[in-house]
Amino acid sequence: MQQEIHERKPNRFYKWIKIILIVYCLSGIGVYYLQEKILFHRTVIQPETAVQFPIPFKEVTFAVDKDTRLHLVQFTPRDSVRKGVVLYFHGNMDNVTRYAPFAENVTKNGYEIWMMDYPGYGKSTGTISEELLYEEALQVYKMARVNYAPDSIIIYGRSIGSGVAAQLASVRDCKRLILETPYYSVTSLFQRWLWMYPVNQMVHYRFPNYTYFSKITAPITVFHGTDDEVIPYSNAARLEEVMKKEDEFITIDGGRHNDLINFKEMKTKLDSVLN
């Protein structure tokens, strides 16, 4: 009887080890193949569907390659004055319609603001990739350069879009780079939650903001909230290590991921930058 009990214990132990290993492997495979669904939450708009916004705007659609068409919404000030343009790269949710309410914070200060939808978002088509996002951002910048000099172009990135914006500012001149709720890198975010996996070998999207900062000559302004539930404040704060002396890291005490524009500190600073 005693021998039977001793035999059961090792069998039970090995059984649990096997279960843990299976769960570990399946979870790792899931993260590897599903990370695009984890990072990008798209809402499609049919090309023929009309979109409406309370401020003046124009829709522009153009081909990036044979499989990709980029949809861009250009919001303009109500009067004819144009100080410049803000190229806005939005977060990972829905499409431009989710971020459009922010536009008036820019247009009231005399700037146009152009918001592009990433591949598969809104009316944009194509297969999303980090390289394609960089290429699309560059195409939008080149379009802006037709009418505006670099010292009239502000590049703005929010959340996942901070990586797109920072990369663009690292290869093209601009008046300023503004980042709202950015991250040190997407890899570092995965490492925070998936420390038990070889994350560097698993992630397809890296967006290494920290490497781009060293190549950016324009002033940088960063906004981040202490209560951000999506991108931890501690992760974004690491960017201060690679910021220039004249750059600004503005901490919004109590700010969360989606409400920074409701805080006076951000509104005041944004108006100051645009004026």
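If each DSSP helix of 4+ residues adds -39,500 (n - 2.57) and the sum is divided by the residues in the chain, what number results at 222 nm, nearest 500 deg cm²/dmol?
-11500 deg cm²/dmol
Would you mind checking 123/244; 66/175; 37/123 for any pair whose Cα atoms are more than 30 angstrom apart?
Beyond 30 Å: 123/244; 66/175.
Would you calculate the separation in nanometres between label points at residue 58 and residue 80, each defined as 7 Å from the Cα along the Cα-to-beta-carbon direction?
About 1.5 nm separates the two model spin labels.
As a test of understanding, state the convex hull volume per residue of the chain from its alpha carbons, in Å³.
Enclosed volume per residue, from the Cα hull, is 166 Å³.
Test of understanding: what is the full-extension gain from residue 215 to residue 149, defined as 0.36 nm times their sequence separation minus their Cα-Cα distance?
21.8 nm
Quick query: amide H of residue 179 versus all other amide H atoms, modeled in the peptide plane; which residues come in under 5 Å with a sequence gap of 5 or more or a different chain?
Under 5 Å from the amide H of residue 179 lie the amide H atoms of 157, 221, 222, 223, each far enough along the sequence or on another chain.
Give me the orientation-averaged projected area of the Cα convex hull of region 77-192, in nm², one decimal.
Reported value for the Cα convex hull: 7.5 nm².
Please list, in chain and number order, the residues 5+ apart from residue 160 or on another chain whose amide H is under 5 Å from its amide H, with Hs placed from the backbone.
It is 92, by chain and number.
Not counting the cut sites, what is the longest span of the chain without GluC sites (Glu not before Pro) that DSSP labels loop and that have at most 11 other Cβ atoms within 10 Å?
49-228
For residue 36 paired with residue 49, estimate the spin-label separation in nm (one decimal), with each label point 7 Å from Cα along the Cα-to-Cβ line.
Distance between the two pseudo-spin positions: 2.1 nm.
Between residue 71 and residues 5 or more places away or on another chain, which pairs have amide H atoms under 5 Å apart, with H built 1.01 Å from N, and which residues are they?
So residue 71 has HN proximity to 117, 124, 125.
Using Cβ counts within 10 Å as a stand-in for footprinting exposure, how do 127, 76 rank, fewest first?
127, 76
With θ set to phi - 60°, apply the Karplus curve 6.51 cos²θ - 1.76 cosθ + 1.60 along region 50-67 and write out the HN-Hα couplings as whole Hz, x wherever there is a Gly or Pro.
Each residue's phi maps through the Karplus curve to give 7, 10, 10, 9, x, 10, x, 7, 9, 9, 10, 10, 8, 7, 8, 8, 5, 10 Hz.
When only DSSP loop residues count, what trypsin sites (Lys or Arg not before Pro) in region 32-73 have their Cβ near at most 14 other Cβ atoms within 10 Å?
Of the trypsin sites (Lys or Arg not before Pro), the ones in loops of region 32-73 whose Cβ has at most 14 other Cβ atoms within 10 Å are 66.
For region 223-239, what does the Karplus curve 6.51 cos²θ - 1.76 cosθ + 1.60, with θ = phi - 60°, yield as ³J(HN,Hα) per residue in whole Hz, taken in order and with x for Gly and Pro?
10, 8, x, 6, 10, 4, 8, 9, 10, x, 4, 4, 5, 5, 4, 5, 5
When 170, 129 are ordered from fewest to most other Cβ atoms inside 10 Å of their Cβ, what list results?
Ordered from fewest to most neighbouring Cβ atoms within 10 Å, 170, 129 come out as 129, 170.
Which percent, to the nearest 5, of DSSP beta bridges fully inside the chain are antiparallel?
Beta bridges within the chain, antiparallel portion: roughly 30 percent.
FYI, it's all coordinate maths here, none of it is from the lab. Keep in mind that what you see is a predicted model, and the values were worked out from it rather than measured. Here Cβ is always computed from backbone atoms with ideal geometry, including for glycine, and neighbour counts include all displayed protein chains.
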